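The values are calculated or read from the model by the stated rules, or taken from the named source; none is laboratory data. Being a predicted model, the structure only gives us computed values, none of them experimental. FYI the Cβ positions are ideal-geometry reconstructions off the backbone, even for glycines, and counts take in every protein chain you see.
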Amino acid sequence: MIYKVSYVVIGGDYPGGIKNEYERPEPGDVVQIGRVKFRVMEVHEIIPPRDDFQFLHATVKPLHDVAAGEPAKPAGKDKLSD
Amino acid sequence: MELVQILRSVELFQGLSAPQFERLASLGQRLSFGTDEEVFHQGSVGDRMYVIVGGQVEIHFDQAGVPPLYLGSGQIVGEMALLDQGTRSATVISVADDTEVYSITNTDLMALCQQDTAIGFILMRNMALDLSFKLRVKNLGPTTTD
């Protein structure tokens with residue numbers, strides 16, 4: 001299964017991104033979008049799966065925002081850019 | 001990794017048969033870009049589309065206040081010019097040392113679609129689905145995606 005994921009940043013003036021992942025992203029994972037690392041907060045399905053693809057919408061927050069006061073989710077695996 | 005194997009993991013090409021993948025793979029070329037290298041520039045003539053095979057690119061809009069968008073493996077860029085013959089709507093820059101793209105000229109892709117209308121139907125349907133996905137994303141979040 002391939003996960004086509006839209007990463008959307010909560011708040012702030014940060015960019016978003018779209019990429020295919022071979023593992024489903026989970027809350028707590030770290031993802032690099034451009035030059036900045038973000039923590040995955042929530043993951044939702046946008047539309048039903050089709051063929052080998054699932055279509056997901058993940059909200060993320062910059063790592064430094066999470067570290068500055070919000071409780072980080074249990075440590076997840078790091079998802080860095082390809 | 002073999003090109004056909006890579007193309008099989010791209011949503012745009014979902015539904016193609018093995019022989020159709022072979023025809024598609026014979027059309028384009030693989031290009032590599034380093035960090036900060038430009039793939040194309042906003043306002044330029046768009047004569048080809050690109051599939052991101054690896055790495056990551058930044059979609060940068062000249063308009064003030066529009067944040068950039070980042071696209072990674074399996075995503076397509078430059079398809080709008082293929083559909084509407086317009087100029088590039090954004091500048092695309094590699095943001096990784098190992099960004100690799102598969103480039104197909106509009107002329108070659110449209111010729112293939114006309115020669116084999118089954119391929120043409122699948123590609124145009126999948127391109128529409130990709131644009132629909134991006135529109136849904138735009139409606140959901142604060143970032144723009146076209």
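Observations, loosely collected:
- Within the set B:Ser17, B:Ser32, B:Ser73, the sole residue that is modelled with pLDDT of 95 or more and within 14 Å of chain A (Cβ to nearest Cβ) turns out to be B:Ser32.
- Considering the conditions (1) away from chain A (no Cβ under 11 Å); (2) within 12 Å of the chain's Cα centre (by Cα); (3) assigned to a loop (DSSP other than H, G, I, E, B), B:Met49 is excluded by exactly one of them, (3).
- Positions within region A:4-56 being among the hydroxyl-bearing types (Ser, Thr, Tyr), touching a residue at least 24 places away in the same chain (Cβ under 8 Å) and closer than 23 Å to B:Val10 by Cα, in sequence order: A:Ser6, A:Tyr7
- Scanning region B:52-92 for residues that are of a type in the set (S, T, N, Q) and either outside any strand (DSSP E or B) or surrounded by 16 or more Cβ atoms within 10 Å (Cβ to Cβ) (or both) yields B:Gln56, B:Gln63, B:Ser73, B:Gln75, B:Gln85, B:Ser89, B:Thr91.
- The residues of region B:52-70 that are facing chain A (nearest Cβ under 9 Å), closer than 24 Å to B:Gln5 by Cα and touching a Ser or Thr at 6+ places or on another chain (Cβ under 6 Å), listed by number, are B:Ile52, B:Gly54, B:Gly55, B:Gln56.
- B:Ala128, sole failed condition from (1) away from chain A (no Cβ under 11 Å); (2) of a type in the set (A, V, I, L, M); (3) surrounded by 16 or more Cβ atoms within 10 Å (Cβ to Cβ); (4) assigned to a helix (DSSP H, G or I): (3)
- Restricting region A:4-24 to residues that are more than 7 Å from chain B (Cβ to nearest Cβ) and surrounded by fewer than 20 Cβ atoms within 10 Å (Cβ to Cβ), the residue that is modelled with the lowest pLDDT: A:Gly12
- Annotation note: of B:Leu27, B:Leu12, the sole residue that is assigned to a loop (DSSP other than H, G, I, E, B) and within 15 Å of the chain's Cα centre (by Cα) is B:Leu27.
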